[in-house]
Amino acid sequence: MFPRVGRTRAAALLAIAVVGSTVISACGGDTGEAGASGDKAVSVSLITKNSTNPFFVSMQEGAKKAAQAENVKLTVSAGKEDGDEASQVQAIEDAIARGDKGILITPNGPGVNAAIKKARDAGLYVIALDTPPDPADTVDITFATDNFKAGELIGKWTAAQLGGKPATIALLDLFNDKVVSVDYNRDQGFLTGMGIDTADKKKNGDEAKTGNYSGGSYAIACNEPTNGAEDGGRTAMENCLSKNPNINVVYTINEPAAVGAHKALQAAGKAQGVLVVSVDGGCDGVRQVKDGVIGATSQQYPLKMAELGVQSIAKIARGGEKPQVTSGLDFFDTGVNLVTDKPAPGVDSIDSAAGAQSCWG
């Protein structure tokens, strides 16, 4: 689950994927006439957390591509920033008023749940992307990474890389003022992968601050929010270093936060010998793995989430079957791969060259 700089492609997309709503007409345009398939255009809304993070920019790109292929009239909206629930609620209200057939949303928090219920009561089919709401049945279905598994993979990799050395851990999470599933699932997955007992798997920060991981002893130096942003990652890392300057493991909610954390470590003269791990697998993040800034990242697939979401709503609107969750899960799993150039025994991974072939943003 966040901003990065220097991406010409992302900047170009931002010009059309602005905060608020942008209508992208596919095939039949605004008239609602039939496309090549003979099916009348279907109106769908995509509501992302923000329009600055390459993850969500790529998600918007995937939705637009699918909309063109499926004769879908797509309206793209977003929060002003990660955590902005009010803008998402307004976008949901607008979708209901327009008479859209469905909504794709990456929820910014539980504050959108009531609006989602209102949309479903009005007959809209609602699919969450990337971030399963809590409870999961707030929406009709979720298409997402298995975020617990994503965290678990980087946790197992970290434990193996430490080789039994004591771990002094900084946990750079998403929020500290609201509970979001992607936040606690990645954090708790990471700790589980490290072999650290967690108390409540739906709550960050309640595990024992010292104890043993699978290879040796550990101490958790901090749990700090980043808002999934580079500047938030830098501030969080600075706060953590002020609490314990001997941190040698840094878990980050996403790659922008990881880049910010690395800059803070560099400024403090402590970048060497620190394992930084993350989740995203964007093209910038894969380059950070290649350059040694990030040791390992779990790659997710936002274009796939969006494409499947648009296709599903178009199919349902035309009388087709509804999608089903992955067996054993309460969501549809869109896949995850660990990307690292330092493979660990017993932990499946791909290298940065392979990660670059399937990255986004």
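Please treat every number below as a calculation from the coordinates, not as lab data. Keep in mind the model is a prediction, meaning the values are calculated, not measured. Positions of Cβ are generated from backbone atoms using ideal geometry, with glycine treated the same way; all protein chains shown enter the neighbour counts.
Modelled this way, with points 7 Å down the Cα-to-C-beta line, the labels at D330 and S242 are 3.8 nm from one another. In terms of other Cβ atoms within 10 Å, T168, T106 run from fewest to most in the order T168, T106. The modelled label-to-label distance between R318 and A353, using points 7 Å beyond Cα along the C-beta direction, is 4.1 nm.
Using the Cα centre as the reference, give the magnitude of the dipole from point charges on the C-beta atoms of the range 71-152 (Lys, Arg: +1; Asp, Glu: -1; all else neutral), rounded to the nearest 20 debye. Could the numbers behind the result be given before it?
Numbers: 8 positive and 14 negative charges, 82 e Å.
Dipole size: approximately 400 debye.
Projecting the Cα atoms of A86, L124, I105 onto the charge dipole of the range 84-166 (Cβ charges, centred on the Cα centre) puts I105 farthest toward the positive pole.
In a DSSP loop and with at most 11 other Cβ atoms within 10 Å, the GluC sites (Glu not before Pro) in the range 238-338 are E321.
The slack between A136 and S217, meaning 0.36 nm per residue of separation minus the straight C-alpha distance, is 25.6 nm.
Bridging of K65 to aspartates and glutamates at a Cα separation below 16 Å is possible for E307, once same-chain residues fewer than 8 apart are set aside.
Each residue of the range 291-303 was assigned a 3J(HN,Hα) from its phi angle through the Karplus curve 6.51 cos²θ - 1.76 cosθ + 1.60 (θ = phi - 60°); the sequence is 7, x, 6, 10, x, 7, 9, 9, 8, 10, 10, x, 4 Hz, with glycine and proline shown as x. Computed with the Debye formula from one identical point scatterer per Cα of the range 107-235, without solvent, the log10 of I(q)/I(0) at q = 0.11, 0.13, 0.20, 0.22 Å⁻¹ comes to -0.44, -0.59, -1.12, -1.26. Tell me the net charge near S51. Cut-off is 12 Å between Cβ atoms, S51 excluded, with +1 for each Lys or Arg and -1 for each Asp or Glu. Surrounding charge for S51 is -2. In terms of modelled amide H atoms, which long-range or inter-chain residues lie less than 5 Å from the amide H of T168? When sequence neighbours closer than 5 places are left aside, the close amide H contacts are A219, N248, V249.
Grab the beta carbon distance between A97 and K178, set R0 = 35 Å, and tell me the FRET efficiency rounded to 0.05.
Calculated transfer efficiency: 0.85.
Please give the net charge around Q300, taking every other residue with its beta carbon less than 10 angstrom from that of Q300, where Lys and Arg add +1 and Asp and Glu add -1. Working shown, then result.
Numbers: positive: K304; negative: D130, D146, D280.
Charge balance in the 10 Å sphere: -2.
For S77, nonlocal amide neighbours, meaning residues 5 or more places apart or on other chains whose placed amide H falls under 5 Å from its own, are T22, L46, I47, T48.
Cβ under 11 Å from E207's Cβ, E207 left aside: what net charge do those residues give with Lys, Arg +1 and Asp, Glu -1?
Numbers: positive: K201, K203, K209; negative: D187, D197, D200, D206.
Taking every other residue near E207 into account, the sum is -1.
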